[in-house]
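Each reported figure results from applying straightforward, stated rules to the coordinates on display, with no laboratory input. Here the structure is a predicted model, which is why all the values come from computation and not from measurement. Backbone-built Cβ (ideal geometry, glycine too); neighbour counts: all protein chains shown.
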Amino acid sequence: MRWWCGMLVASLMALLAGSAMADPSLQDLQRQIDELRKIVKEQQQEIERLRAQLKQAAPQTPQANVTAPSGERLNFYGFLRLDSIFDSGLTNNAQTPFWVLSPSNANKRRTGNQQLTVHPRLTRIGINFVAPPNLVKGWDVTGKFEMDWQNAQGVTPESRPLPRIRHAYLQLQRGSYSLLLGQNWDLISPLFPSPNDDTLMWNAGNLGDRRAQIRLSYEPKDKPLRWALALGLTGAVDGKDLDNNGVRDGEDSGLPNVQVRLAWKSRNGEIGLWAHHAWERVTNPFAGQTRFTSHSIGLDWQWQLSPKWNLRGELWTGRNLSDFRGGIGQGVNAAGSEIRSKGGWLELGWQYSPKQRLAFGYTIDDPKNADVPAGGRTNNFAWYLHHRWRLSGNVELAVNYLFWTTKWQGQATGIDHRINAFVQHNF
């Protein structure tokens, strides 16, 4: 296309050059064409400059596509990753931390509690599926399967970690509507703090996990209002079985949990209001009761304050939240009371260069003290600093620092200075 335009301009200039000798009035037209040619050249140079900047800023993640015998197109993606973690105090687990142990704990020494771990468990591989057109008339059919190895620490040697399914779902989309069937993130609490990829600050202020579900969503591209409704498996996270009859209490209820979210999206950000309700039942009475409920209501927001600064966070309150990563992992106490809790997190991010991002934040989970039994956890919060940068190509390096505090009912407070460094190669 450029060659053809160049030839056309050159031919026109040659014709006008010959005609200008016979007709001086064409000299003005010749000058205008020269100016136009100069402008076009400058625009081409600017386009090439912007393309070079975009290429430098965008992560280079080559994708491999293959076609299955059934006709689906498969796209493979993922990354190789190694984490190195130092803790000044003992957490419940060095690789999947949720809280800091109390110095009163018999398994914890009062001095010399440092621990160090190195693992590749967050290495990830995934496959995106795209079905042939018209497989389901009027609907686009896609799917995802994703796994890592962050599972069952202590069950197998560290040199032989077990795989873990992260996502496994089928999705049908028609215009602004989509239907998702399978395991995916909870609909509630859709955002994540930047540090602690091991456990995403669950039970420390960030709600939500992954579970099997059926989800209907409405997300128009040209309208700000969107909504979603999901029916999910209760007990997928905590496996609660209060009466120890071998049946998870959520499944024993005969009902799925219900999650809803309503959001408003603007040019600079999005704000969402969400809630959930779940039912649990025991066959043999527990503390004189056979039925329990879980519910929450919360708010999430993300806002681009300027080209380099953004603000994100969530705020929530609820009860019996152990299956949704709240209440510091405490759902129902021995007296049969559902433990109430509130919390959230706030993060300020600074993209100070195309390759580097810095974030500072605070996250907290605060159960009601009166609901927490002796030896239980009454407060769990952390201040954090996150720094991530792309070294070159597909290689990323990051360092996270967390000042983590967990308070206990009738026991000394646990404090941990946690430093997590990792290197990651995306593919």
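Table for the structure above
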read-out	value
Computed helical MRE - 222 nm, the chain, DSSP H runs ≥ 4 contributing -39500 (n - 2.57), nearest 500	-4500 deg cm²/dmol
Least to most buried among Asp249, Asp198 (fewest other Cβ within 10 Å first)	Asp198, Asp249
Virtual spin-label span in nm between Thr317 and Ser159, 7 Å along Cα→Cβ	5.4 nm
Modelled FRET efficiency - R0 35 Å, Arg174 with Gln30, Cβ distances, 0.05 increments	0.05
Angle in degrees between helix 2-22 and the longest Cα principal axis of the chain, rounded to the nearest 10	30 degrees
Packing-based exposure ordering (other Cβ within 10 Å, fewest first) of Thr123, Thr406, Thr283	Thr283, Thr123, Thr406
Contour excess over end-to-end distance, with Cα ends at Asn284 and Leu385 and 0.36 nm allotted per residue	31.6 nm
Length released on extending from Ala421 to Trp303, taking residue separation times 0.36 nm less the Cα-Cα span	39.7 nm
Among Pro120, Pro195, Pro224, residue whose mean-square fluctuation peaks in a GNM of the chain (springs only between Cα atoms under 10 Å)	Pro224
Gaussian network model of the chain, Cα within-10 Å springs - most flexible of Val258, Val66, Val237	Val66
Crossing angle, helix 26-57 versus the chain [Cα axis fit, 0-90 degrees, rounded to tens]	20 degrees
Euclidean distance of C-alpha centroids, segment 204-251 and segment 114-150, integer Å	19 Å
Gaussian network model of the chain, Cα within-10 Å springs - most flexible of Pro163, Pro103, Pro69	Pro69
Over 32 Å between alpha carbons, listed pairs Lys41/Lys355; Lys240/Lys407; Lys38/Lys223	Lys38/Lys223
Exposed-loop-free span, longest in the chain, where trypsin sites (Lys or Arg not before Pro) count as exposed if DSSP calls them loop and at most 10 other C-beta atoms lie within 10 Å	268-427
